[in-house]
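Engineer: Just passing along the structure, written as structure tokens.
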Amino acid sequence: MADEKTAKAGMGTKALKIIGVITAVISLILGVRQIVNMVSENAARKSKAAELKAEAQQLAASGLYSKAWDTMTQAVELNSDEREAHVDLAMEWLRNARISGTGSQPEKSFSDIVNKVSPVLHRAIDTTRREYAATVRAHIGWAGYLLFKEGDRSVKVEEHFREALRLDSANVYAHVMYGFWLLYPGHSGGTLEEANAHFTDAVNSGNQKQYVRHLMLAAYQNKRQPDCQAQIIRIVNDMRLNGETMERADRERIVADAYFLYRNEIFDEVGRILSSDEHFATFTYLTDGVDLTARPYLKEALARFKNP
């Protein structure tokens with residue numbers, strides 16, 4: 001009887017062990033399946049995020065920044081690794097900020113844009129990558145400029161550009177944006193020499209040359225002074241010598257400003273920074289394709305070159 005009980009107990013123990021092994025195997029299978037599902041879902045999220053990022057970049061390339069921003073935000077929600085692309089888009093939008101308030105871009109003010117992108121930029125300045133942090137900080141300063149342009153006189157601008165240059169003394173965005181800000185009307189600003197020093201550093205960096213030229217020209221045009229118009233002629237001379245291109249509409253606007261609005265001062269001002277041969281070659285470049293005889297002020301300028 002005792003042996004029978006012992007045998008039954010042994011069988012029960014074996015059964016429990018078998019059940020335990022089966023349970024462990026089932027748990028392992030379920031666990032592996034759960035892990036596989038998690039890995040698969042994570043891969044699917046990353047793939048979808050990559051698709052959304054690519055779509056956002058295409059929208060931005062078409063100037064549809066509001067839609068691009070919404071799409072990139074979705075990408076970041078799916079995959080936090082896309083945060084830097086979010087920051088890059090924020091900076092690009094600020095550099096190309098336009099206000100329409102209709103259609104594909106519902107933003108009605110610069111503050112609408114700044115309010116959207118600022119949280120993303122401020123979170124990014126804590127990075128240990130100093131050069132990237134400097135670029136972000138410069139764009140925060142640019143956001144401040146946009147708010148100032150819209151009438152906010154309490155916003156900080158210059159401090160951000162200075163901090164950007166402290167982080168990276170050669171940062172192209174910090175230099176060109178700071179130079180632009182120094183000449184922008186409506187605040188204490190800086191001197192033409194200070195702005196030119198920053199512009200020179202921006203050009204010498206060799207980065208973002210087209211954007212640098214654009215901002216330099218815009219800065220001098222904002223100032224609306226003869227000496228700044230002469231600086232525009234100097235820049236065009238540099239572009240001509242370097243083989244850089246300029247749209248005809250931009251060339252004609254420069255010609256009208258320099259040789260119509262400032263016809264009495266422009267030759268003396270340009271003469272301080274360029275030789276007469278350089279000035280004439282640049283004038284010829286600017287007026288390429290333009291009928292000089294149809295515009296009296298250009299005929300007058302041409303006569304001035306021939307009889308200084």
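Engineer: Quick one: grab Rg to one decimal and Dmax as a whole number for the stretch 143-293, Cα atoms only, in Å.
Structural biologist: 16.1, 53
Engineer: What Rg and what Dmax come out for the stretch 144-220 when only alpha-carbon atoms are used, in angstroms?
Structural biologist: Cα only, the stretch 144-220: 11.8, 34 Å (Rg, Dmax).
Engineer: Further, regarding this structure: Could you tally the net charge around V172, taking each other residue with its Cβ under 11 Å from the Cβ of V172, Lys/Arg +1 and Asp/Glu -1?
Structural biologist: Net local charge, V172 excluded: -2.
Engineer: For each pair in K223/K306; K108/K209; K108/K156; K48/K116, compute the distance between the two Cα atoms and list the pairs where it is over 28 Å.
Structural biologist: Among K223/K306; K108/K209; K108/K156; K48/K116, the Cα-Cα distance tops 28 Å for K223/K306; K108/K209.
Engineer: Taking other Cβ within 10 Å of each residue's Cβ, how do T200, T23 sort, fewest first?
Structural biologist: Fewest-to-most Cβ neighbours within 10 Å comes out as T23, T200.
Engineer: When the helices in the chain are scored as -39500 (n - 2.57) per DSSP H run of 4 or longer and the sum is shared across all residues, what 222 nm value do you end up with, to the nearest 500 deg cm²/dmol?
Structural biologist: -24500 deg cm²/dmol
Engineer: Choose one answer from A230, A44, A90: the residue with the largest mean-square fluctuation in a GNM of the chain with alpha-carbon springs under 10 Å.
Structural biologist: A44
Engineer: Once you sort the root eigenvalues of the Cα gyration tensor of the stretch 224-308 as a ≥ b ≥ c, which label holds: rounded (a/c under 1.5), prolate (a/b larger than b/c) or oblate (the other case)?
Structural biologist: Taking the square roots of the gyration eigenvalues as a ≥ b ≥ c, the stretch 224-308 is rounded.
Engineer: Within a Cβ distance under 9 Å of V203, other residues only, what is the Lys/Arg minus Asp/Glu net charge?
Structural biologist: So the environment of V203 carries a net charge of 0.
Engineer: For a quick check, take a GNM of the chain with Cα springs below 10 Å and name the residue from R263, R253, R83 with the largest mean-square fluctuation.
Structural biologist: R253
Engineer: Sorted from fewest to most neighbouring beta carbons within 10 Å, what does the list S188, S169 look like?
Structural biologist: Starting with the residue having the fewest Cβ neighbours, the order is S188, S169.
Engineer: Would you mind pulling out the separation of the Cα centroids of the stretch 160-208 and the stretch 279-308, in Å?
Structural biologist: Rounded to whole Å, the Cα centres lie 33 Å apart.
Engineer: Going by how many other beta carbons lie within 10 Å of each one, how would you line up D250, D201, fewest first?
Structural biologist: The fewest-first ordering by Cβ neighbours comes to D250, D201.
Engineer: Follow-up question, since we're still on this one. When only alpha-carbon atoms count, how far does the chain stretch along each of its three principal axes, as whole angstroms with the largest first?
Structural biologist: Cα extents, longest axis first: 135, 38, 36 Å.
Engineer: Given the options I18, I273, I99, which has the most mean-square fluctuation in a GNM of the chain, springs set between C-alpha atoms less than 10 angstrom apart?
Structural biologist: I18
Engineer: Any idea what the dipole of the chain comes to, in debye rounded to 20, about its Cα centre with Lys/Arg Cβ at +1 and Asp/Glu Cβ at -1?
Structural biologist: With Lys and Arg at +1 and Asp and Glu at -1, about 920 debye.
Engineer: Around N242, under 14 Å between beta carbons, what's the net of Lys plus Arg minus Asp minus Glu among the other residues?
Structural biologist: Within the 14 Å Cβ shell, the charges total +1.
Engineer: Defining a contact as two alpha carbons under 8 Å apart and six or more residues distant in sequence, what relative contact order in percent does the stretch 144-220 show?
Structural biologist: So the answer I get is 28 percent.
Engineer: With the contact rule set at Cα under 8 Å and sequence spacing of 6 or more, what percent relative contact order holds for the chain?
Structural biologist: After rounding, I find 8 percent.
Engineer: For the stretch 153-222, which trypsin sites (Lys or Arg not before Pro) are in a loop by DSSP, counting at most 10 other Cβ atoms within 10 Å?
Structural biologist: R153
Every number in this text was worked out from the coordinates using simple rules, so none of it is lab data. Since the model is a prediction, treat every value here as computed from it, not as a measurement. When we count neighbours, we look across all protein chains shown, and the Cβ atoms used for this are built from the backbone with ideal geometry, even at glycine.
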